[in-house]
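The values are calculated or read from the model by the stated rules, or taken from the named source; none is laboratory data. Only a predicted model underlies this, so the values are computations on that prediction, with no experimental measurement involved. So basically every Cβ, Gly included, is an ideal-geometry build from the backbone, and we count neighbours across all protein chains shown. Calculation scope for accessible area: heavy atoms of the full protein, side chains included, ligands and nucleic acids excluded. Shrake-Rupley method; radii C 1.70, N 1.55, O 1.52, S 1.80 Å.
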Amino acid sequence: MRRLPPLNALRVFEVAARTGSYAEAAAELGLTHGAVSRQIGALEQWLGERLFARSGRRMVATPIARMFASEVSASFDRITTAAEACGRPGARRILRVSVPISFAMRWLIPRLERFHDENSSIEVAVTTVSTVHDELRGGFDIAIRRGVASQGGWPNHRATDVLDDVDTLIMSAALFADRPIHAPADVEGHTFLASETRPGDWIDWLEAAGLSHLAARPRQVFDHFFVSRQAVEDGLGLGIGPLPMLDIDIVSGRLVAPLLQIRVRRTGYVALTPNGADGASLAARFVDWLAAEGRLDQARLPDRQTWQCRRP
């Protein structure tokens, strides 16, 4: 009978040592700071050895703890690999993905069937957050957030660029038929619709269109983009929307992009996985698929010539 240390405490210890912070370990694991501290204390009591020492306001891993954490992390990787190799063939595995609401509704979910067709043993469980800037909390395998992978702004996470973001003017097909827009000046007299989650969209687009003098015009503001997008589809006014998440609406004719040549580039989206995640895991496979879908979207982004064929 092996004399094993408490396994849950080992899991908490590995994350705390890897992140270098009780607070960050708590966030990654979805625990409180106190729960992390208690698990570390239980492991220290079992080992008879201090694993962390206070340095200012932080708890810092001791040299022996760093060595121990490296071995524990490698052991967890081996367990993960063995479990995936020896698991029951055909058994579905859950992949937890945290995604902003609009990204989930307008881009990810319509494409998930393609991923499932190629990976029938993986079930993607999507949870949503209200904005692209929501902090990273525990309880996910992958998080999608707005940002750039190369900036190094994602401590303790591996970042992969997934999707570029480009804004353009949008309106309903019915409104276009009634009051068509063929040139930037044609937007005057229309109602401008905006959302709190994408501030500054109108100001930037009007500047790109050479209409900065209209930036002070009042706008009807909704709390979230998917609400303002629906108001645009209902013909209540003009909106500014991200092309990658509207191509399905444009192709189907629900929305019209009348001045597609005027585009404002935005910070795109990245897929984030914890640094300790196995690089050959299910999460890595899903991130590769996301990046491939993003490249495919960029390659088929409609240009002015193809859009003219779709106009009502």
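Thr32 to Asp186: FRET efficiency via 1/(1 + (r/R0)^6), r the Cβ-Cβ distance, R0 51 Å, to the nearest 0.05?
0.35
Over every pair of different alpha-carbon atoms in the chain, take the mean of 1/r and invert it; report that Kirkwood radius in Å. List each step's numbers first, then the result.
On the way: mean 1/r = 0.0449 Å⁻¹.
Radius from the Kirkwood sum: 22.3 Å.
Label His116 and Ala177 with points 7 Å out from Cα along Cα→Cβ: what is the distance between them in nm?
Calculated label separation equals 3.5 nm.
Would you pull out the residues with amide H under 5 Å of Ile122's amide H, same chain only if 5 or more places away, H placed 1.01 Å from N?
For Ile122, whose amide H was placed from the backbone, the distant partners under 5 Å are Arg93.
With all protein chains present, how much of the accessible area of the chain (probe radius 1.4 Å) comes from carbon and sulfur, to the nearest whole percent?
The value for the chain is 52 percent carbon and sulfur by accessible area.
Suppose every K and R has +1 on its Cβ and every D and E has -1 on its Cβ; what is the size of the dipole of segment 193-239 about the Cα centre, in Debye to the nearest 20?
The calculated dipole for segment 193-239 is roughly 100 debye.
Could I have the simple spin-label model distance between Val166 and Arg11, label points 7 Å from Cα toward Cβ, reported in nm to one decimal?
So the two model labels end up 4.4 nm from each other.
Treat every Asp and Glu Cβ in the chain as -1 and every Lys and Arg Cβ as +1, leave all other atoms uncharged, and give the resulting dipole magnitude about the Cα centre to the nearest 20 debye.
860
With every protein chain kept in place and ligands, DNA and RNA left out, what is the accessible area per residue of the chain? Probe 1.4 Å, answer in Å².
Normalised by residue count, the accessible surface of the chain is 50 Å².
If one takes the longest principal axis of the Cα atoms in the chain, at what angle in degrees, from 0 to 90 and to the nearest 10, does the Cα axis of helix 63-86 lie?
70
Based on Cβ point charges of +1 for Lys and Arg and -1 for Asp and Glu, what charge dipole magnitude is obtained for segment 125-278 about its Cα centre, in debye rounded to the nearest 20?
140
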